[in-house]
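> The structure follows.
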Amino acid sequence: MSIKSINVLSRNPDHYMRETKYDIHKVQRNYDPTLHPFEASREYKLALNSVKLEKVFAKPFVGSLTHTEGVSALCRHPSRLSCVFTGTVEGELRLWDISHKKCEWTVQAHSGQIWSIVAAPDGNSFFTVGNDKTIKKWSLDKAKEGDHDLPIDTWLSDTIVTGISHHRHRNEFITCGERVLLWDASNKAPKFSYDWSTSGDRNDASVASIKFNPVETDLFASCDYANNIVLYDTRAKEVKKLKMTLRINALAWNPMEAFILTAASEDYNAYSYDIRKLNTPDQVVNIHKGHTAAVLDVDYSPTGREFCTASYDKSIRIFRTEEAHSRDVYHTKRMFKVSCVLWSGDNKFILSGSSDHNVRLWKSKSNEKMGIMRARERSAINYAEELKRKYGHFPAVRRIARHRHLPKHIYNAKNEQQIMRESRARKDANRLKYSTPGKKVHIPARQKVVVGLQDDGVVGFQDMDNMPGTSTN
Amino acid sequence: MVKIKTTSVREKEQEDEELFMVSGLDNTDGGEDDNNEEEEGDDQQEASHAQLLSNMMKITKKERMQQDVRTSMGTSTMDTSHLLTRLLPSTSLLKAKSSHTLSLPLEKSVAKRIKRAAGYENVAMEVNKWAKVVKAQRETEQLRFPLKQSGVSLKTVEKTNLVQMRTPLENEVYSLLQGAKLVENKKESEEEMIARKALSLEEIREQNRELWRQKELKRRYEQKARLMNKSKSRKHHRLLRREKLRKQKTKLEELQKTDPEAALECLQELELARIQERMSLRHKTSKWAHLQGFRANRDKTVMAALKENQRLHQELTTKSAKAKESVEDDLSDEADLAKGEGGSAVQGTDESLNPWIKQRGSVVSKSSPEDESFTKFKKFWEEVNKRKQADQEIHEQLEKEREEKNIEDEKIEDQEQEEEKKTEKEGVEEEEENSGMKEEGEQTEKEKEVNKKYLQKLQKPKDKIQKLKRKKAESEDSGEPKGKIQKLKRKKAESEDSGEPKGKIQKLKCKKAEAEDSGEQPAKKIPGKKGNKKCKKIIKTKDQEAVNIDDLFDEVEIGIKNKVQRKLKKLGVKSKEPWTKVKTKKKNKKVPKAVAPSEIEEFDFTGTRNQENIDETTERAKTLQDLESLEGESVNKLQEAVKILKDSQAPDTSVPHNHKLQVDPNKFLQVESKRLVTAMPDNVGEAGEALDDEEQESAENIIREAFADDYLMEEFSSEKAEAIKKDQPSSMSLALPGWGDWTGPNMKMSSKKIKKFRLRVAHAPRKDSRIGHVLYNEKADVHTNLRKAMVSELPYPFKSVKDFEASVRAPVGRLFVPETAHKKMTAPPIVTKMGTVIQPMTEDELLRSEAPGKGLKKNRQSGPSRDRKMKAASGAHEMQNSKRKIRVKKSSRVAMAGKMPLPFIQPLFLAECSTSPNTTPVVSSA
């Protein structure tokens, strides 16, 4: 008799038993794809559901900060997230605690509109410019104390100053108006004048907006009422001037990509430029379309991946930098012309100041869940995001993801403009088709919007050196 | 090095004479004072110093020179003779001083432009240093914000310390230089600084005011100009227009004096305006004018305006017409002759180039046989024929006698004629060569040239003839009173004389003939339309000239004829006339047979010209010889012309490229649209498509050729037609026999009724209706609903449908993949930290990206890849790489599960490996 060895099914209990009752149940899974024949279809369904849920949870509006006048300027504190300054068209300056939606301080800063507010890099002070031709410096600490309504410093200018931008590190700021002036904060007189009023430019016009490059800190750009975008270097003065077909209202530099400049244009579009390529015909790297009225302001998200625009069409839009169409559009029934927009420092919120006396606070991602999340929730959200991305091209998913409810005026304007665009395109195509070959050439849309470059002998700049007021010959 | 710095600084300061800069000219003084002090130093150092300086000069010639130049611009006068004496051994300085003068400064605007250009170059270069970082950021799988701030901070030092000396020599030199205090940074004293600051505000205000004033003035000026530009005032614009016109006029007048070419251009412009006016009749039939017409009854001013308008119209249409004439004056020298002769106005102008007009002309001439010219022509020929018959009888009598007597004379004259012919032929050949050389482009010029040549040639014989005339006149005058001997002599002389001019005339006639010949020759030489056109033209012009020549010689001939007649009377009919015989013989030789009148009818003969011809002939026909010669000539002409006409028309009727039309167009494949189920990605350029088209077309051609005999196309098309027919809704009618219908066998319902109840099913157009080469089985396609849910176009970053399908098929959920893989695959692209401010990028990032194995790179390698990031990725290559990672990962996952990988994944992986053996696949650590 021999005892046969018998193979018995035996498992290590550690593999399937919980150590404590607080542990999660261990689930054994077999990942063999043949056992999961419907994995793709299940994921598809998950994606469809998650994109629907996205719509369900898309509630971007957080709250509003009420003013007594239309809001014309916004400024965030360089290091404090809750600290925001707002300026109104009547010259009122307010300091807000965003997290509590509370106005901490109010002062009649200027006798006219506050055009722009900018914070000093140290965060202790900030500057305002207004219609009364003054530049005022305010202390944050004193403002926090409450009833202090005098600026700690004042600069006088002979013309209205319409914009201000502060150097990222140095104690210098730059103002624009009829002249572009570089100031040293320690000095009462401007340090330098980028005096293009005497440059003999025939299309001499005052500058609407000016911005220092946050990365390449010696550079700054301005846009003026003569449709120009001018690039300056503090070391080499004015270096390049680009003329567009329509006026540029505001500029913003990409905080992560030093050479990308985005401009809000009067022609309903935003344009992104690569300043390295300003010399070449493809200086416009992207045209961001979507608004149905003039774009008034633009601000980059601190990640440099997105930016938002404020428009006259009572809405704000969020664009991805590499995409031509907006990712999202925000509007409310009572929001009017949006004159300024600001992306918060932590990439979570967007503030928009409009002419209906309100600053509105929006989530930068409409369906984002705020606050602390458990890891499982976090991972579920991540999974949903991934699925949405993966199945984003499928018609059913795409339709839901793309759909936005638009107010009637925007919807109608959009349709109308679509018709106009098509008609123009058709006309162009016909012209191209029926003209003698070689006579008409197709000009890409990105090149159409640029009228010309300075020093390129283009019409707009041709005779700028031969105008009265210049001292040639 | 320090030297250079200081100079450059100074330069900058001087250039920057900007509003708010108080240029410190005093600084230069300070520096030079130091120099002076230094010169009084001890002698011992001097020698070594001089040597050193010379050495330095050798090293840095340029900078030294620059500095010299700069210091000389300083305000204080400085005695540099000491320095010079010291530096004498280095002749280069002397040279420099003698030769080097400051070049003229650039114009302000130009200088600015250059500055700008240079500045921009710098900026672009400097900004480009971020390119790497930006690219890396765009391509990363996951970005975490705020960016890590490294401990290393890059602080720019405002004032760099003095240059570090490396070698002892450098040290020595430097210490010497320092000791000599040749170079020293200027320092603004505190008082100065304070003074500057204290003064500044007032000054600035003033300056500002001044600037503002200037700017305001300029602005007003510009505004005015702009308003002027924008003005919609009609009066203003009218005035402007008038002024412009006046200016143009004066300019034109001036130009006519000074620069006729430019004036010509102006005139051409005017001509253009005239054309436009005539085309549009803008001033005549405008809406405005029409409306004003109604108002004109009541309003005088309107009337005046209308009149003015009309005047303008007239001015526009007529004025430049004059100008045109003046333009053509130059050209019309030769053309005038032709016109005078009644040649068609077509000749000599551009229209002669137009084949249509020519053809039309010829057609018209053909198609109107009953007009005046034709009848005249007919009459003329009837006359001619009659006379011919009469003359021939006389000739026959004469011939025998002539042959016997004048053989010798004939020979001599034959020789002469041949020689002349030769020379003329050469001339003609030359012309032909010329015409051949210049080709079509300069046809009018060619014509001119040819005409000129002919005129010159014609001039010569004309002169000769005139001379002869004179001679004859003399001989006649003197001859009659003299005796018989003289008479005989005269006879001889006359016979000789008359022989000569006749010969000449013959020559000329030959020339005419040859001119026609020459017209023929190129026609023979150059086949095809162009050649024919040319020939036609040439012939036309030559015809005209021939006519001219006729005119010229008519007088001479008449004179000669008279003489001959006189002689004939004297000598009787049987007089010796060697030349006539020769001539006739010649003509007979040339003209083989009489030409049928039917052919002649076809020839182009305009009325006026015909009339003249007839007149001529009536004069000429006084002698038989003349008549004959004329006949021969005209016949020749006609023959040739007919020939040429035929030649020219022949190629028109028989089109050589027609033979291709035999191909039945229905037998071709229709390749209208190329719609694919999955469209190509957007980044495929148009050029590429164009290329594809060409290739496809060529391929199709090849296939078509290869299967030319197989009738595949026809078979296919018939098959398709059948399928379409089958698919069409059946012509079923629901009509039933009932009221009003006859019943019984073989009774048919009314067709009306059948039609009325025919079923009409709305039918969507066939899917292959627009695709010629596809037969689409619609019944087999049952997945229309499914299709709606599928992706119709290939999404952007994917290059092939296979890739996309694979990416969709691979699951990411934790139900299907292990937890770690799931986490990696679903990691969000951007992670931000709650409650922290994200600062803009700093230069730390540059440093980090340059450091190997740090920062973003690692992240990129380990993280899962997505097409979302691929969008940002610039290169297609990298995109493919990242795709590869996906697939590899999938397969690795499958392998890890301990099971056989799916069949659809395996080949993908293999294919990937086989296609790119160089790249090692990265297996994720899942």
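> Ignoring everything except DSSP H segments at least 4 long, calculate the 222 nm mean residue ellipticity for chain A; use -39,500 (n - 2.57) per segment, divide by total residues, nearest 500. Let's see the in-between values first.
Numbers: 6 runs with 80 residues, N = 473.
It lands at -5500 deg cm²/dmol.
> Hey, any idea what Rg/Rh is for the range A:65-366, computing Rh the Kirkwood way over Cα pairs? Intermediate results must be reported in sequence, preceding the final value.
Details: Rg = 17.8 Å, Rh = 19.0 Å.
Checking Rg against Rh, the ratio lands at 0.94.
> Another one. What is the Cα coordinate range of the range A:131-262 on the first, second and third principal axes, sorted by size from largest, in whole angstrom?
Between the extreme Cα coordinates on each principal axis of the range A:131-262 lie 47, 35, 26 Å.
> Would you please name the trypsin sites (Lys or Arg not before Pro) within the range B:771-837 that are DSSP coil residues with at most 15 other C-beta atoms within 10 Å of their C-beta? Write down the numbers at each step before the final one.
Details: sites: B:K779, B:R787, B:K788, B:K799, B:K802, B:R809, B:R814, B:K823, B:K824, B:K833; in loops: B:K779, B:K799, B:R814, B:K833.
Counting only loop positions with at most 15 other Cβ atoms within 10 Å, the trypsin sites (Lys or Arg not before Pro) in the range B:771-837 are B:K779, B:K833.
> Efficiency by 1/(1 + (r/R0)^6): what FRET value for A:I400 and A:F61, r their Cβ-Cβ distance, R0 = 22 Å, to the nearest 0.05? Mind dumping the intermediate values first?
On the way: r = 21 Å, r/R0 = 0.94.
The pair A:I400/A:F61 has a calculated efficiency of 0.60.
> In the range B:737-770, whose amide N lies under 11 Å from the spot 7 Å out along Cα-to-Cβ of B:E778? List them in ranges.
B:762-769
> Taking a label point 7 Å from the Cα of B:A723 along the Cα→Cβ vector, which residues of the range B:769-787 have an amide N closer than 15 Å to it?
Under 15 Å, as judged by backbone N against the label point of B:A723, lie B:769-782 of the range B:769-787.
> Counting only C-alpha contacts under 8 Å and six or more residues apart, can you give the relative contact order of chain A as a whole percent? Walk me through the numbers before you get to the answer.
Numbers: 1034 pairs, mean separation 60.7, N = 473.
13 percent.
> Can you sort A:W96, B:W742, A:W138 from fewest to most other Cβ atoms within 10 Å of each residue's own Cβ?
Working: A:W96 23, B:W742 9, A:W138 26.
By the 10 Å Cβ count, ascending: B:W742, A:W96, A:W138.
> Please order A:C83, B:C266, A:C308 by the number of other Cβ within 10 Å, starting at the fewest. If you can, show how the numbers build up before the last one.
Details: A:C83 23, B:C266 19, A:C308 28.
Going from least to most buried by this count: B:C266, A:C83, A:C308.
> Could you work out how much longer the chain between B:S769 and B:S189 gets when fully extended? Use 0.36 nm per residue separation minus the Cα distance between them, nm to one decimal.
Values: separation 580, 0.36 × 580 = 208.80 nm, distance 9.17 nm.
Working it through step by step, the gained length comes to 199.6 nm.
> Along the range B:51-58, what does the Karplus equation 6.51 cos²θ - 1.76 cosθ + 1.60 (θ = phi - 60°) give for ³J(HN,Hα), rounded to whole Hz, x for Gly and Pro?
So the J values, rounded to whole Hz, are 4, 4, 4, 4, 4, 4, 4, 4.
> State which entries of B:K230/B:K284; A:K243/A:K414; B:K244/B:K284; A:K55/A:K390; A:K241/A:K277 exceed 19 angstrom in Cα-Cα distance in the structure shown. Present the calculation step by step, with values, prior to reporting the outcome.
On the way: B:K230/B:K284 28 Å; A:K243/A:K414 27 Å; B:K244/B:K284 22 Å; A:K55/A:K390 17 Å; A:K241/A:K277 12 Å.
Pairs exceeding 19 Å: B:K230/B:K284; A:K243/A:K414; B:K244/B:K284.
> Mind checking the mean number of beta-carbon atoms from other chains within 10 Å of the Cβ atoms in B:210-218?
Numbers: counts 0, 7, 5, 0, 4, 8, 0, 2, 9.
For this peptide, the per-residue mean of nearby foreign Cβ atoms is 4.
> Report, by chain and number, residues whose modeled amide H sits under 5 Å from the one on A:A119, excluding near sequence neighbours (fewer than 5 apart, same chain).
Hits under the 5 Å cutoff: A:F127.
> Take the Cβ-Cβ distance between A:S111 and A:L156 as r, set R0 to 22 Å, and report the resulting FRET efficiency rounded to the nearest 0.05.
Efficiency computed from Cβ-Cβ geometry: 0.95.
> While we're on this one: Which of the chymotrypsin sites (Phe, Trp or Tyr not before Pro) across the range B:759-804 are loop residues per DSSP, with 16 or fewer other Cβ within 10 Å?
Values: sites: B:Y776, B:F798, B:F804; in loops: B:Y776, B:F798.
Those that pass, being in a loop and sparsely packed, are B:Y776.
> Also, I was wondering about something else. Can you sort A:L9, A:L296, A:L35 by how many other beta carbons sit within 10 Å, fewest first? Please report the intermediate quantities before stating the final value.
On the way: A:L9 4, A:L296 22, A:L35 12.
Fewest to most other Cβ atoms nearby, the residues stand as A:L9, A:L35, A:L296.
> Quickly work out the A:R426-to-A:N412 label distance, labels modelled 7 Å from Cα along the C-beta direction, and quote it in nm with one decimal.
2.2
> Still on this structure: Say the cut-off is 32 Å between C-alpha atoms; which of A:K439/B:K802; A:K52/A:K408; B:K247/B:K300; A:K136/A:K240; A:K133/B:K129 go over it?
Numbers: A:K439/B:K802 42 Å; A:K52/A:K408 23 Å; B:K247/B:K300 30 Å; A:K136/A:K240 30 Å; A:K133/B:K129 39 Å.
Distance filter (> 32 Å) returns A:K439/B:K802; A:K133/B:K129.
> For an R0 of 35 angstrom, estimate the FRET efficiency from the Cβ-Cβ distance between B:T301 and B:Q223 and round to the nearest 0.05.
0.60
The numbers here are math on the coordinates, done by the rules we state, and not lab data. All values derive from a computational prediction rather than experimental measurement. All Cβ positions, even for glycine, are placed from backbone atoms using ideal geometry, and neighbour counts span all protein chains on display.
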